[in-house]
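Enquirer: Next up is a structure, given as structure tokens.
We did not get these values from a lab; they are worked out from the coordinates using the rules stated. Since the structure is predicted, the reported quantities are computational estimates derived from the model, not experimental observations. Every residue, glycine among them, receives a Cβ derived from its backbone with ideal geometry; neighbour counts consider all protein chains shown.
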Amino acid sequence: MRPRGAGEWLAYGLLYLSIILVTLPVAAVLFIVISRGYSAISWEFLTAMPRMGMRAGGIFPAIMGTLLLVLGTVAIALPLGVMAAIYLSEYASRGRLNRLIHLAIVNLAGVPSVVYGLFGLGAFVLFLKLGVSLLAGCLTLALMILPVIITASEEALQAVPQSFREASLALGATRWKTIWNVVLPSALPGILTGAILGVGRAAGETAPILFTAAAFFLPRLPKSIFDQVMALPYHLYIIATQVPNISQSVQYGTALVLVGLVLLVNASAIVLRSYIRRRRSW
Amino acid sequence: MAIERSLTIDSIDVKKSRRSGRWSEWVIERVIQASGLLTIVFIVLIFVFLLKDSLPLFKTHSLTALLTGRDWYPISDPARFGLVPLLAGSLAVTLGSIVIAVPLGVAAAIYLAEVARPSIRESVKPVVEMLAAIPSVVFGFIGLLILAPYVKSLFDLPTGLTAMTGSIMLAFMALPTIISISEDAISAVPREYREASLALGATQWQTISRVMVPAALSGITAAVMLGIGRVIGETMTVLMVTGNAALIPHSITQPVRTMTATIAAEMGETVQYSEHYFALFSIGAVLFVITFAINFTADIVLHRFRRVGR
């Protein structure tokens, strides 16, 4: 179906242009961060403590802080999210309650990240008296990525054919046995994809940990879950806006590590998902 | 005996035996049920905690003063907590980014859903997901170091940290939401619509512009609303690139301060359970109500669209 007339050519031209403009920022961000940041990357930068007011040395505690935050977050959010998804997909009837839960998930996904930060401060840091700590940060981030994990897990569970469940039930397995032995293993790769996407989200967010976990400058690793931590995104914010006379290569180097980490996590989720789609035998 | 039982089994028996499973199974099912309800509990808890820590403000300040006050001077004596400049800041940045992101995003969605070859679609969609994955602090960083100096010299401004700089960076962040949900909406239009239009002799473009897009319009509207919700709630980018001046802007080339940036910038310096602390929580409550209203409406629209569309 060829375009007809100049007007239609123009319309298609604009569509092509839009797709170029949409993909451009990703390429631009990658190009800028890589070209200006790679010179800062060294073994020392990745594994040493920061020195001279973060102007020299490495970003090791920020990297470790982000890894710990993400690990804790997933450890909390994954079981909760998968159980909620099991309820929605396997137990709930298509009634009003189910709709209400879905509305809650949609709204949970739409709550601004800084509001999660406020909630974390009010509820975990002050009300539960956890203090500004790794634990408070993980709880806050877990709440934030819960919708991501629930949505992906529910989708994965519903993609498991009904006949799998019927076959298992017909063999005398109980409902939970069926879910545990048949449905969950089949849905596992999809659930994993959701978990990885949640990891990417948690690793990159700054606002939720601003008042709940992040330390401005802490040149050591946290001693317990009640200790503050440095985190990569917050560290980037600090060295970009709060520390004068810092070399741009340190800033871009930190940005490169953060972008690299987050995009690597997301790329692995995308690869895993396309692998599932190709391998799916039903 | 097992065979005998299975012969006499009927549906009521199956239900009964499944229900009267071991107690461990009963416990597991209750736990699962509870975690299903947990999302509702969480959303309520968030609102309750926001209210709990913002209501004490109204012992000393009135709600009208908060919502219509034109001055945000949190550390003057007496402190003045007027939301208007912050609301105006959020509005300016949001409008600017929506003006950029909506035409771009909807065009990209149309292209992906209707025009692109599958191979192109499969390679562009991950790129859009990557765009969604880039942390907001990185957008802020790039905006601060690359875009702001450019804006400054282009418009000959005293500073490049303006509402417009924020709008441009936020547009990139709204794009993935707008594209993916609009594309879903266009793809969900029954293919009979397209076939009927083409069979009547319409060109592909006529089919797209007069049949497919109008049919998907409510879905696209929801996509735009969710994009707006995303932009209003965005924090780190605007904190870094909009200049943070709590003034009512007269043009988009002036610095502004959004509600989100105010919370992020000032919470670190306040005394816990002080007036200022309560005021920041009340901004949070206002933000929560705004985004809740947007997301709630968008979801209702989408839900109805899906039921009608199929």
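Enquirer: Principal axes first, then extents: for the Cα atoms of chain A, list largest minus smallest coordinate on each axis, whole Å, largest first.
Expert: So the extents along the principal axes, rounded to whole Å, are 69, 67, 34.
Enquirer: Average partner chain C-beta neighbours within 10 Å, per residue of B:98-109? Numbers along the way, then the final one.
Expert: On the way: counts 0, 0, 1, 1, 0, 2, 6, 2, 1, 9, 9, 4.
That works out to 3 on average.
Enquirer: Determine the equivalent ellipsoid of the stretch A:5-138 by diagonalising the alpha-carbon gyration tensor, then write out the semi-axes as square roots of 5 times the eigenvalues, largest first, rounded to whole Å. Could the numbers behind the result be given before it?
Expert: Values: eigenvalues 249, 245, 39 Å².
Value: 35, 35, 14 Å, ordered largest first.
Enquirer: Further question: Please sort B:172-182, A:184-194 by packing, taking for each peptide the average over its residues of neighbouring beta carbons within 10 angstrom, highest first.
Expert: Values: B:172-182: 25.5, A:184-194: 19.7.
Ranked by mean Cβ neighbours within 10 Å, highest first: B:172-182, A:184-194.
Enquirer: Please build a GNM for chain B, connecting alpha carbons under 10 Å apart, and tell me which residue among B:Ser119, B:Ser90, B:Ser197 fluctuates the most.
Expert: In the Gaussian network model the winner is B:Ser119.
Enquirer: Which net charge results for the neighbourhood of A:Tyr116, defined as the other residues with beta-carbon distances under 15 angstrom from its beta-carbon, given Lys and Arg at +1 and Asp and Glu at -1?
Expert: Values: positive: A:Arg201, B:Arg230; negative: A:Glu205, B:Asp53, B:Glu234.
Its environment carries a net charge of -1.
Enquirer: If each residue of separation counts as 0.36 nm, what is the full-extension length gain between A:Ala6 and A:Phe164 once their alpha-carbon separation is subtracted?
Expert: 51.4 nm
Enquirer: Let me ask something additional. At a 10 angstrom cut-off on C-beta neighbours, averaged per residue, how do the peptides A:136-148, B:49-61 rank from highest to lowest? Before the final figure, lay out each step's value.
Expert: Details: A:136-148: 26.6, B:49-61: 17.6.
Ranking the peptides A:136-148, B:49-61 by packing returns A:136-148, B:49-61.
Enquirer: Does anyone have the angle between helix A:248-279 and the longest principal axis of chain A? Alpha-carbon axes, 0 to 90°, nearest 10?
Expert: In chain A, helix A:248-279 runs at an angle near 10 degrees to the longest axis.
Enquirer: Taking amide hydrogens as modeled 1.01 Å from N in the peptide plane, which residues meet the under 5 Å criterion relative to B:Gln254, leaving out close sequence neighbours?
Expert: B:Ala163, B:Met164
Enquirer: Given contacts defined as C-alpha pairs under 8 Å and at least six residues apart, what's the relative contact order of chain A, whole-number percent? Mind dumping the intermediate values first?
Expert: Values: 364 pairs, mean separation 76.9, N = 282.
Relative contact order of chain A: 27 percent.
Enquirer: Ok, one more. Summing -39500 (n - 2.57) over the DSSP H runs of n ≥ 4 in chain B and dividing by its residue number, what mean residue ellipticity at 222 nm do you reach, to the nearest 500 deg cm²/dmol?
Expert: Values: 15 runs with 213 residues, N = 310.
For chain B, the value works out to -22000 deg cm²/dmol.
Enquirer: Can you give me the convex hull volume of the Cα atoms of the protein assembly as shown, divided per residue and expressed in Å³? Numbers along the way, then the final one.
Expert: Numbers: hull volume 112.6 nm³, N = 592.
Per-residue hull volume (Cα only) is 190 Å³.
Enquirer: Further question on the same structure: Between the stretch B:59-100 and the stretch A:48-88, what's the alpha-carbon centroid distance in Å?
Expert: Centre-to-centre (Cα) distance: 34 Å.
Enquirer: Now a separate question. Mind sorting B:Arg80, B:Arg191 by how few other Cβ atoms lie within 10 Å of their own Cβ, fewest first? Walk me through the intermediate numbers first.
Expert: Values: B:Arg80 17, B:Arg191 9.
If I rank by nearby Cβ atoms, fewest first, I get B:Arg191, B:Arg80.
Enquirer: Pairs of alpha-carbon atoms within less than 8 angstrom and 6+ residues apart define the contacts here; what relative contact order does chain B have, in percent? Spell out each step's value before the answer.
Expert: Values: 403 pairs, mean separation 75.8, N = 310.
Relative contact order of chain B: 24 percent.
Enquirer: With +1 on each Lys and Arg Cβ and -1 on each Asp and Glu Cβ, and nothing else charged, work out how big the dipole of chain B is about its Cα centre, in Debye to the nearest 20. Show your work: numbers first, answer last.
Expert: Numbers: 24 positive and 21 negative charges, 158 e Å.
That gives chain B a dipole magnitude of about 760 debye.
Enquirer: Hey, got the average number of other protein chain Cβ atoms within 10 angstrom for residues in B:123-130?
Expert: Taking the mean over all residues of the peptide, I get 6.
Enquirer: Calculate the FRET efficiency for B:Arg117 and A:Ala27 from the Cβ-Cβ distance with a Förster distance of 25 Å, rounded to the nearest 0.05. If you can, show how the numbers build up before the last one.
Expert: Working: r = 21 Å, r/R0 = 0.82.
So the FRET efficiency works out to roughly 0.75.
Enquirer: Distance between the C-alpha centers of the stretch A:202-235 and the stretch B:241-259? Whole Å please.
Expert: Each part reduced to its Cα centre gives a spacing of 29 Å.
Enquirer: In deg cm²/dmol and to the nearest 500, what is the mean residue ellipticity at 222 nm of chain A if only DSSP H runs of at least 4 residues count, each as -39500 (n - 2.57), divided by the residue total?
Expert: Numbers: 12 runs with 192 residues, N = 282.
So the helix-based figure for chain A works out to -22500 deg cm²/dmol.
Enquirer: Output wanted: per-residue J couplings in Hz (rounded whole) for the stretch A:60-71, from phi through Karplus 6.51 cos²θ - 1.76 cosθ + 1.60, θ = phi - 60°, x for Gly and Pro.
Expert: After applying 6.51 cos²θ - 1.76 cosθ + 1.60, I find 3, x, 5, 5, 5, x, 5, 4, 5, 4, 5, 4 Hz.
Enquirer: Determine ³J(HN,Hα), in whole Hz, for all residues of the stretch B:220-234 in sequence, where each value follows from phi through the Karplus function 6.51 cos²θ - 1.76 cosθ + 1.60 and θ = phi - 60°; x replaces Gly and Pro.
Expert: Working through the residues one at a time gives 5, 4, 4, 4, 5, 4, 5, x, 4, x, 4, 5, 4, x, 5 Hz.
Enquirer: Peptide B:67-74: average number of partner chain Cβ atoms within 10 Å per residue?
Expert: On the way: counts 0, 0, 0, 0, 0, 0, 0, 0.
Neighbouring Cβ atoms belonging to other protein chains average 0 per residue here.
Enquirer: A further question on this structure: Going by average Cβ neighbours within 10 Å, how do the peptides B:217-226, A:19-28, A:222-231 rank, with the highest at the top?
Expert: Put in order of decreasing packing, that is B:217-226, A:222-231, A:19-28.
Enquirer: Give me, ordered by chain and number, the residues 5 or more places off A:Gly57 or on other chains with an amide H under 5 Å from its own placed amide H.
Expert: Here A:Arg51 satisfy the definition.
Enquirer: A further question on this structure: Assigning unit charges at the beta carbon (Lys, Arg +1; Asp, Glu -1) and nothing else, what dipole magnitude in debye, to the nearest 20, does chain A show about its Cα centre?
Expert: Values: 20 positive and 8 negative charges, 93 e Å.
Computed about the Cα centre, the dipole is about 440 debye.
Enquirer: Something else now. Taking the stretch A:215-282 as the region of interest, what is the percent of Cα-Cα pairs per 5 angstrom bin, listed from the shortest bin to the one with the maximum distance?
Expert: Using 5 Å bins, I get a P(r) of 3, 14, 15, 16, 13, 12, 9, 7, 6, 3, 1, 0 for the stretch A:215-282.
Enquirer: For the stretch B:244-255, in order, what is each residue's ³J(HN,Hα) by Karplus, 6.51 cos²θ - 1.76 cosθ + 1.60 with θ = phi - 60°, in whole Hz (x at glycine and Pro)?
Expert: 6, 9, 7, 10, 6, x, 9, 8, 6, 8, 9, x
Enquirer: Taking the Cα atoms of the stretch B:65-309, what is the range of coordinates along each of the three principal axes, in descending order and whole Å?
Expert: Reported extents, whole Å, longest axis first: 73, 40, 29.
Enquirer: Taking the Cα atoms of the stretch A:161-277, what is the range of coordinates along each of the three principal axes, in descending order and whole Å?
Expert: In descending order, the Cα extents are 70, 33, 20 Å.
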